[in-house]
1. Please work out the C-alpha center-to-center distance from segment 11-34 to segment 112-171 and express it in whole Å.
2. What does the charge add up to near V108, with Lys and Arg as +1, Asp and Glu as -1, over the other residues with Cβ less than 9 Å from its Cβ?
3. For segment 1-60, with every protein chain kept in place, what is the accessible area per residue (1.4 Å probe, Å²)?
4. With point charges of +1 on the Cβ of Lys and Arg and -1 on the Cβ of Asp and Glu, referenced to the Cα centre of the chain, which listed residue (L133, A111, G25) lies farthest in the positive direction of the dipole?
5. In 10 Å bins starting at 0, how do the alpha-carbon pair distances of segment 4-81 split up by percent?
6. Highest mean first, what order results for 106-118, 53-65 on Cβ atoms within 10 Å?
7. Under a straight-distance cross-link criterion of Cα-Cα below 12 Å, which aspartates and glutamates are reachable from K64, leaving out those fewer than 8 residues away in the same chain?
8. Can you report the principal axis dimensions of the chain using only the alpha carbons, biggest first, rounded to whole angstrom?
Amino acid sequence: MVSIAMSFPTGPHEEERLRTLLETGALDARADPALDTICEEARQHFEVPICTLTLLDKARQRIKAAQGLEAGETPRDVAFCNYTILSDEVFVIEDALADDRVRDNPFVTGAPFIRFYAGAPLIFLKNIRLGALCLIDAKPRSFSRGDKAELQLYADRAVRQIATTEFDKRS
């Protein structure tokens with residue numbers, strides 16, 4: 001069997017991030033309607049057609065909650081969220097066709113034809129970002145510093161929900 005190198009960036013704390021993600025149980029836990037609600041509120045607030053909450057394991061992107069797109073999973077190597085989880089800052093691509101990192105991505109060249117992406121990292125612990133809360137549009141957009149701060153607030157709510165759900169399960 002031939003091993004194929006994955007074509008996505010990883011941060012210096014990737015092994016610890018993956019271990020923490022598995023320990024939370026969030027990756028394989030049942031759907032949480034509260035996370036869908038956060039996605040819907042963010043989608044409406046930013047007036048985008050799609051909002052997702054994703055978790056990234058070693059090889060896949062799990063779409064844990066979504067509005068405007070089916071929940072499910074994709075191979076990790078096509079996930080824009082790989083860039084989002086590299087830092088604590090909101091990651092924005094205003095026009096995917098103009099960005100060398102993603103212009104050939106199958107989600108840019110095909111459905112859902114992503115042109116705009118903004119992802120706020122789901123910061124669980126210091127240096128541990130489980131995934132991202134993502135806004136997606138089929139047309140280019142700008143995204144201000146204030147927009148980034150607001151999106152991060154939605155992501156922080158989602159992290160609190162994930163932590164609360166996991167804590168309640170173990171009590």
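1. 14
2. Overall, the nearby charge balance is 0.
3. 58
4. G25
5. 18, 45, 31, 6, 0
6. 53-65, 106-118
7. Candidates past the 8-residue exclusion: D28, D32, D36, E73.
8. In descending order, the Cα extents are 47, 46, 27 Å.
The values are calculated or read from the model by the stated rules, or taken from the named source; none is laboratory data. Everything numeric here is computed off the predicted structure, so don't read it as measured data. Note that we place each Cβ from the backbone using ideal geometry, even for glycine, and neighbour counts take in every protein chain shown. The accessibility values were calculated without ligands, DNA or RNA, using every heavy atom of the protein model including side chains. Shrake-Rupley method; radii C 1.70, N 1.55, O 1.52, S 1.80 Å.
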